[in-house]
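Just below is one structure, and these are the notes that go with it.
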Amino acid sequence: MDDADLDLRRRTYAFFVEHRRAPAPAEVGEPDDVVAGWRRLHDAHALVLNPATDELRMLNPFSCVPTAYRVEANVRWWYGNCAWDAIGICAALHSDGRIEASCPDCGEPLAFDVRDGRPSDESLLFHVLVPARHWWDDIVFT
Amino acid sequence: MNLFRSEEHIARWLGTREPGATIPLTKLTELAFAWWDDRIAPDWAPHTREQNVAILERLGLVGDFWELA
């Protein structure tokens with residue numbers, strides 16, 4: 001990952017945080033260069049593209065598409081890719097926040113606040129199905 | 001990577017699948033803040049594998065399941 005790719009990544013994340021949506025390639029640079037750079041960043045696990053369309057799928061911890069993990073932070077709503085990323089949005093924005101999701105088993109709503117780096121509900125459990133060495137084999141499934 | 005109400009809900013959701021790892025939300029929150037804190041910093045640089053291993057180890061997330069690629 002060279003300085004040009006790191007700068008592209010920085011511009012891409014800055015656009016996302018400002019506009020709460022993923023940029024089109026032309027919104028952060030010369031489109032062909034941007035797509036080529038995003039592919040390199042995808043290969044380096046610095047973001048995640050939809051391989052079929054080259055559209056941004058994840059700017060971890062943010063999801064570029066709606067998910068089951070909604071996050072209120074900095075007076076805005078975001079989507080996290082998973083429970084870990086949902087809390088990570090509060091961390092990345094250096095903000096308190098609120099996470100809203102549902103139990104994958106029973107479907108009941110789950111919600112908690114994050115204040116000063118601590119969750120308001122300490123009874124909930126986080127389950128990781130995929131061993132760490134395989135997380136990036138299929139990051140969307142993970 | 002999901003949140004559940006209890007171990008019972010996890011077991012029912014897993015069905016016949018092999019369980020992964022379960023940690024309390026408090027530990028997940030510590031992990032998330034250590035892992036993602038710098039992610040939109042202008043001078044962000046990719047974490048090295050060693051940095052990420054150190055985060056996991058500091059939180060006691062060790063053993064075969066937590067071994068990074």
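Since every read-out is calculated from the coordinates, none of them should be taken as a lab result. No experiment lies behind these values; they were computed from the predicted model shown. Heads up, the Cβs are rebuilt from the backbone with ideal geometry, glycines too, and the neighbour counts pull from every protein chain shown.
Descriptive notes on the structure:
- For chain B, the longest principal axis of the C-alpha atoms and the axis of helix B:49-58 are separated by about 60°.
- Only Lys, Arg, Asp and Glu carry charge here, each on its Cβ (+1 for the first two, -1 for the last two); on that basis chain B has a dipole of about 260 debye about its Cα centre.
- Three semi-axes of the equivalent ellipsoid, chain B, Cα gyration tensor, whole Å, largest first: 27, 14, 11
- Gaussian network model of chain B, Cα within-10 Å springs - most flexible of B:Leu59, B:Leu14, B:Leu31: B:Leu14
- Both radii are taken from the alpha-carbon atoms of the range A:10-96; with Rh as the Kirkwood radius, Rg/Rh is 0.97.
- Calculated on the alpha-carbon coordinates, the convex hull of the protein assembly as shown measures out at 120 cubic angstrom per residue.
- Summing charges over all other residues whose Cβ lies under 15 Å from the Cβ of A:Leu125, with Lys and Arg as +1 and Asp and Glu as -1, gives -4.
- Counting Cβ atoms of other protein chains within 10 Å of each Cβ in A:5-16 and taking the mean gives 2.
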